[in-house]
Amino acid sequence: MSHLSESDLHRLRTALSHKRDELLAARRATEADQRGIADPEPEEADSAEQLIEQEAARRLGEHDAAVLADVERALQKIEAGRYGLSEDTGQPIPIARLDALPWARR
C-alpha cells in the first residue's frame, strides 16, 4: 500500500512527464545548435570560446541525461506501483521531498 494518494500520484506523474518533455526538448535544441556550428576558419579567440561553450554544453548534456534517466525510472516505478519508496531502505520518501524532486530515489 502506497503512502501516496491517487491525487499525489497524478500530480507527481504530471510533473515527471513535464520534466521529461523539457529535458528531451533541451536535448533536441542542443543537438540542433551543434549541427548549426560551422565556421570554416574561426579566429583563435573564437575557437577557444567555442571550445568552452561546447564543453559546458557537454557537461550540461551529461547532467540532463542523468536526470532524464531518473525521471524515466520514476515513471516506470509509478506504473509498477513502486514509486515513492527509497531504493536504499524501502521506506516511504516524504511527500515534501517528492514534490521538490519527483525523481528522488532516496
*For region 23-45, state whether one or more residues are part of a helix (DSSP H, G or I), modelled with pLDDT of 95 or more, under 17 Å from the mean Cα position of the chain (by Cα) and exposed (fewer than 12 other Cβ atoms within 10 Å of the Cβ).*
no
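Would you be able to tell me the number of residues in region 50-64 that are modelled with pLDDT of 75 or more and either surrounded by 12 or more Cβ atoms within 10 Å (Cβ to Cβ) or more than 24 Å from the chain's Cα centre (by Cα) (or both)? Full working, then the answer.
Kept after step one, since they are modelled with pLDDT of 75 or more, are these residues of region 50-64: 61-64.
Of the ones still in play, those that are also either surrounded by 12 or more Cβ atoms within 10 Å (Cβ to Cβ) or more than 24 Å from the chain's Cα centre (by Cα) (or both) are 61, 64.
Total satisfying the criteria: 2.
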*asked:* Considering only residues that are assigned to a loop (DSSP other than H, G, I, E, B) and touching a residue at least 12 places away in the same chain (Cβ under 8 Å), which ones fall in region 52-88?
replied: 81, 83, 84, 86, 87, 88
*Counting only residues that are surrounded by 11 or more Cβ atoms within 10 Å (Cβ to Cβ) and of a type in the set (Gly, Ala, Ser), which one in region 84-106 is nearest to the chain's Cα centre (by Cα)?*
104
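The values are calculated or read from the model by the stated rules, or taken from the named source; none is laboratory data. Since we're looking at a predicted model, the values are computed, not measured. Note that we place each Cβ from the backbone using ideal geometry, even for glycine, and neighbour counts take in every protein chain shown.
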